[in-house]
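Heads up, the thing below is written out as C-alpha cells.
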Amino acid sequence: MPLFGKKKFDERSSEMTRRFMFKETLGTGAFSEVLLAEDRETHAMVAVKCIDKKALKGKEETLENEIQILRRVKHPNIVHLHEIIDSKSHLYLVMELVTGGELFDRIVEKGSYSEKDASSLVRQILDAIAYLHDQGVVHRDLKPENLLYYSPDEDSKIMISDFGLSKMEQEGVMSTACGTPGYVAPEVLAQRPYGKEVDCWSIGVISYILLCGYPPFYDEDDTQLFKQIIKGEFEYDAPYWDDISDSAKDFINNLLEIDVKKRYNCSQAISHPWISGNTARDKDIHQSVSAQMKKNFAKKKWRQAFNATAVVRHMRKLQLSSQESRAAAGQTTETQEGQPAAP
C-alpha cells in the first residue's frame, strides 16, 4: 500500500510536538534529519527520522521499499520501526533509539579485546542477517557504520541499521551496483545478477577488519580496488595476523570466496567452530587492532557513498583491459562460472 496517501496529520509544529518533545539533532542526510525525541505520554526516548517529501520527490519508491522491510522485520539485533506519521510536507519514522555508538569506535575505546570478542560480535551479525535472509530480505549495504551498539553498557548487543539499499528477493533479480567501496561483493562489481550471498561477503570483510583493524581490500584508486575484489586478492599480513588462529582465517576464507556457490551462507558460517565452537583465542589483540582502526578508518574514503555509475565506468575499463590482455596473449576468453575474466 502506498505510503503517500495514508491518513494525514498536521505538521510537526502541531501533531508531532503534541506527541513528542524534541531534544537535539542526531544526524542529517540528503533529504532527512534524525532527531532525539521524548514521547510525552510514556516518556520513552526515541529517534525520529524526519523526511522532507519535497526533497524526496522522485525517490518515493526507494523509501517505500525501506519502510516495507522495516515493517516486516522484528529481531533483537535489528533497529525497530515503532510508527510512521505522515504530514503534508514530511514523513516521520519513529524508530528505536540506539545510543551505544558505532562498532569500531567502541572497540578502540575498549581496554581489552580478543578473538572471542570478535567472534561474539560476528555471531550477532550473522544471527540478524540469517533472520533477514529467511524473511527474503537482502541488506546490500553491511558496513561498520551500520553496526551500532544498543547502549553504552559493556555487554550491549549489536544492532543493524539503515535499510535504505535493502531489497526483497521476491521483487525479482537484483543487478543494481550498490553498496560501499571495500565491502561490496565481486558479483556486484561484475554487473552479474546477485542475491543474499552479497551480505555474507560483506560479513567476511567486517570479520577480517575486526581481527586486524584494516580492510582486506584497499587502494586509493577505485579501479585497482575493484580489481582486487573481483579476483578475491587479500593476504594475512605479518605481524598483524601472527597471533590470529587458523580457524579465524578459515572462517574468513569461506566468506571471502569469489564463487558464490562455494561461499558460506549464514547458517554455514554460524556452524563454523570459530563462531559456535571454542577455536577463537582469548589473547588480547586490542593494542594492535585499535591502532590500525585509528589509522585506517579515520580516512574519509571509507565513509563515502558508493557511486554505482562510477563502478560501471571502472568495470568497463577493466573489461576492455581484460579483452586486450587476452587478445595479446592469445588466451581463451572463457571464464570461470560466477567470475569475470581477470585482466
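The values are calculated or read from the model by the stated rules, or taken from the named source; none is laboratory data. Computed from a predicted structure; not experimentally measured. Note: ideal-geometry Cβ built from the backbone for every residue, glycine included; neighbour counts use all protein chains shown.
Which ones in segment 213-235 are touching a helix residue (DSSP H, G or I) at 6+ places or on another chain (Cβ under 6 Å) and either within 25 Å of I270 (Cβ to Cβ) or not assigned by TED's automatic domain parsing to the domain that holds V188 (or both)? G213, P215, P216, F217, I229 - these are the residues of segment 213-235 that are touching a helix residue (DSSP H, G or I) at 6+ places or on another chain (Cβ under 6 Å) and either within 25 Å of I270 (Cβ to Cβ) or not assigned by TED's automatic domain parsing to the domain that holds V188 (or both). On inspection, I129 qualifies as of a type outside the set (F, W, Y) and under 18 Å from the mean Cα position of the chain (by Cα). Give the residues of segment 266-291 that are surrounded by fewer than 18 Cβ atoms within 10 Å (Cβ to Cβ) and either in a loop (DSSP other than H, G, I, E, B) or in contact with a Cys (Cβ under 7 Å, 6 or more places away or on another chain) (or both), sorted by residue number. Result: G277, N278, D282, K283. Looking at segment 208-249, which of its residues are free of Cβ contacts under 8 Å to residues at least 60 places away in the same chain, not in a loop (DSSP other than H, G, I, E, B) and not charged (D, E, K, R)? Once the filter is applied, which keeps residues that are free of Cβ contacts under 8 Å to residues at least 60 places away in the same chain, not in a loop (DSSP other than H, G, I, E, B) and not charged (D, E, K, R), segment 208-249 yields Y208, Q224, L225, Q228, I229, S247.
Look at (1) assigned to a loop (DSSP other than H, G, I, E, B); (2) at pLDDT 85 or above and you find that F163 fails only one, number (2).
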